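Engineer: Take this structure, written in structure tokens, and hold onto it; I'll ask about it next.
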Amino acid sequence: MTTFYDKAKAFAEEHITPLAADIDRQAAFPAALFDKIVEAGYTKLLIPQQDGGLGLTLNEHQETCMAFAESCPTVGLSYMMHNVALHTVLERAGDELRSFVIDEVVNHGKVMALAYSEFGTGTHFYISDTTAEKVEGGVRLNGMKSMVTMAGYANYYLVLSHTSDGSEGITNWVVPADAEGVAFKQADWHGLGMRGNASCPIALDNVVVPERLRIGAEGEGVSQVFEQVALPFILGLAAVYTGAAEQQCAIAVEHAKSRVYPNGQSLAQIETVQLHLSDLYIKAQNARALTVEAARSLMAGEPDCLAKVLAARINASENAIEASRIAMRVVGGKGYNGATATERLLRDSFASQIMAPSVDVLHVWLGKALAGLPLL
Ligand SMILES: Cc1cc2nc3c(=O)[nH]c(=O)nc-3n(C[C@H](O)[C@H](O)[C@H](O)COP(=O)(O)OP(=O)(O)OC[C@H]3O[C@@H](n4cnc5c(N)ncnc54)[C@H](O)[C@@H]3O)c2cc1C
């Protein structure tokens, strides 16, 4: 881990940890906290220094997502979405759109999000049923996105649609939050966990976007999803769920030491509990080690970096869920009844297996990647 991780960790402990329980209780996006994240410069992380950003890489992206998630996974997850959307623009947008977005993020504190998933195509978000029709002044979009993290807070949403010229493939757009016809269905967010994400549907009802807000050419959406979105997104999720597993371990260890029976024996003195603590620590460290290694491999451009990133995300997701089950056994009634964060983290962890690409889909992709087969 770099010194940037230490900086993000210190920021998270000061600003995020104290709010974590309340964010869950309110089940609303923590806008004031995110404003602080913006002010502290974290949303400029991937923007080159010559353009006013921090000029950092997907390694620090991974580190920051992990540091934030070690305080509150829903905050780490929300932050991750901004970086992934921005990375896609930085890598694939033409000069005019790229400069516009950089200016918005650097000089106006604007935030981005991903509005890809739809009710129809579900976890296969690289397929879109959103229609696009050429009209005077741009393209008219119609569709419904199913779960959009930071919906209503973010200023720009990456939206996949059919092509507007009838060509093959899908097209990626930057849609402003205040475009006419964009509606946030905030009352429809009832997430079990990751409740601060406020990942509600967005309706796109005759939304006209100018051609200058198209990322790259018509029909490039699938290649953008697989070449720019996928790796930082899947790596970021590995970091987020590593943070959840680490928190479960830390809470269980602390509880086992401090919970003392009337006869003076602590939970930590019971051998079965010791075995659970051992298992928890291994699961958390294992998630962390593979995530850090995947980021290293990605930055080094190694041939098997895709396999490592997929493995890190699957592993962290499954370890976070399993760590939650074991932690609940150790922490017992206090964990179940909300006296510790155990039950909140358990609910947060369950999001990991269904977030696109779901753990099952990723397992299939990893098998294909190892066998040298195309993912789709
Ligand atoms: C907390 C949270 C935040 C989210 N934030 C965003 C966001 O910001 N932007 C966004 O675009 N989306 C977001 N989503 C949506 C998410 O990424 C998924 O697309 C969505 O949850 C899946 O929708 P679905 O239930 O219709 O999936 P379905 O497609 O119905 O899949 C249901 C299950 O079936 C299984 N399955 C389906 N197809 C296959 C297959 N081919 N092989 C193996 N298994 C398969 C999978 O395991 C999957 O879990 C978020 C979701 C959550 C939970």
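Engineer: Just give me the residues in the range 308-344 being surrounded by fewer than 18 Cβ atoms within 10 Å (Cβ to Cβ) and under 23 Å from the mean Cα position of the chain (by Cα), in sequence order.
Structural biologist: Across the range 308-344, the qualifying residues are E322, R325.
The rows are residues; the columns are (1) surrounded by 23 or more Cβ atoms within 10 Å (Cβ to Cβ); (2) closer than 20 Å to Y153 by Cα; (3) acidic (D, E).
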position: Y5; (1), (2), (3): no, no, no
position: P18; (1), (2), (3): no, no, no
position: K36; (1), (2), (3): no, yes, no
position: N59; (1), (2), (3): no, no, no
position: A69; (1), (2), (3): yes, yes, no
position: A85; (1), (2), (3): yes, yes, no
position: D95; (1), (2), (3): no, no, yes
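Matching residues to (1) touching a helix residue (DSSP H, G or I) at 6+ places or on another chain (Cβ under 7 Å); (2) in the same structural domain as L235 (by TED's automatic domain parsing):
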residue: N315; (1), (2): yes, yes
residue: N319; (1), (2): yes, yes
residue: I326; (1), (2): yes, yes
residue: A339; (1), (2): no, yes
residue: L376; (1), (2): no, no
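Engineer: Pairs please, first residue from the range 275-289 and of a type in the set (D, E, K, R), second anywhere and surrounded by 15 or more Cβ atoms within 10 Å (Cβ to Cβ), Cβ atoms under 7 Å, 6+ apart in sequence or on different chains.
Structural biologist: The qualifying pairs are D279/I326; K283/A245; K283/N319; K283/E322; K283/A323; R288/T242; R288/E246.
Engineer: Applying the selection to the range 93-150, what residues are part of a strand (DSSP E or B) and in contact with a His (Cβ under 6 Å, 6 or more places away or on another chain)?
Structural biologist: To start, the set of residues in the range 93-150 that are part of a strand (DSSP E or B) comprises 112-115, 118, 131-135, 138-148.
M112, T131, A132, listed by residue number.
Engineer: For V106, are the conditions met, namely being touching a residue at least 24 places away in the same chain (Cβ under 8 Å), hydrophobic (A, V, I, L, M, F, W, C), more than 14 Å from the ligand (Cβ to nearest atom) and crowded, with 24+ Cβ neighbours inside 10 Å? Don't jump to the end; show me each part of the working.
Structural biologist: Values: touching a residue at least 24 places away in the same chain (Cβ under 8 Å): yes; hydrophobic (A, V, I, L, M, F, W, C): yes; more than 14 Å from the ligand (Cβ to nearest atom): yes; crowded, with 24+ Cβ neighbours inside 10 Å: no.
So V106 fails the test.
Engineer: Okay, next question. Can you confirm whether the range 279-298 contains a residue that is more than 27 Å from T2 (Cβ to Cβ) and modelled with pLDDT of 95 or more? Let's see the steps before the verdict.
Structural biologist: First, the residues of the range 279-298 that are more than 27 Å from T2 (Cβ to Cβ): 279.
Still in the list and also modelled with pLDDT of 95 or more: 279.
Checking the range 279-298: at least one residue is more than 27 Å from T2 (Cβ to Cβ) and modelled with pLDDT of 95 or more.
Engineer: Also, quick follow-up: Looking at the range 202-233 only, could you name the residues that are crowded, with 24+ Cβ neighbours inside 10 Å, of a type in the set (V, I, T) and assigned to a helix (DSSP H, G or I)?
Structural biologist: Matches in the range 202-233: V229 only.
Engineer: Still on this structure, I have one more. May I ask you to list the residues in the range 116-161 that are more than 12 Å from the ligand (Cβ to nearest atom) and of a type in the set (F, W, Y)?
Structural biologist: Of everything in the range 116-161, just one residue is more than 12 Å from the ligand (Cβ to nearest atom) and of a type in the set (F, W, Y), namely Y156.
Engineer: Can you list the helices (runs of 4 or more DSSP H) found entirely within the range 1-87 that contain at least 1 residues being at pLDDT 95 or above and closer than 20 Å to V105 by Cβ? Spell out how you get there, then give the answer.
Structural biologist: Working: elements: 3-11, 20-26, 31-39, 58-71.
Output list reads 3-11, 31-39, 58-71.
Engineer: Looking at the range 114-163 only, could you name the residues that are hydroxyl-bearing (S, T, Y) and either in contact with a Phe, Trp or Tyr (Cβ under 9 Å, 6 or more places away or on another chain) or surrounded by 22 or more Cβ atoms within 10 Å (Cβ to Cβ) (or both)? Quick ask: steps written out before the conclusion?
Structural biologist: First, the residues of the range 114-163 that are hydroxyl-bearing (S, T, Y): 116-117, 121, 123, 126, 128, 130-131, 146, 149, 153, 156-157, 161, 163.
Matches in the range 114-163: Y116, S117, Y126, S128, T130, S146, T149, Y153, Y156, Y157, S161.
Engineer: I've got another one for you. For the range 219-237, state whether one or more residues are more than 19 Å from A85 (Cβ to Cβ), polar (S, T, N, Q) and not assigned by TED's automatic domain parsing to the domain that holds A21.
Structural biologist: Pass one, the range 219-237, residues more than 19 Å from A85 (Cβ to Cβ): 219.
Filter once more, keeping what is polar (S, T, N, Q): none.
No, the range 219-237 has no match at all.
Engineer: Okay, next question. Report, by residue number, each residue of the range 158-201 that is part of a strand (DSSP E or B) and either at pLDDT below 95 or among the hydroxyl-bearing types (S, T, Y) (or both). Give the derivation first.
Structural biologist: If we filter the range 158-201 for residues that are part of a strand (DSSP E or B), which is where we start, we get 158-162, 170-176, 182-184, 200-201.
Result: S161, T171.
Engineer: Please specify each residue of the range 164-194 satisfying the condition of being within 12 Å of the ligand (Cβ to nearest atom), farther than 19 Å from V111 by Cβ and buried (at least 21 other Cβ atoms within 10 Å of the Cβ).
Structural biologist: G193, the sole residue that qualifies.
The values are calculated or read from the model by the stated rules, or taken from the named source; none is laboratory data. Quick caveat, the model's predicted, so the values are computed rather than measured. Cβ sites come from the backbone with ideal geometry, for glycine too, and all protein chains shown count toward neighbours.
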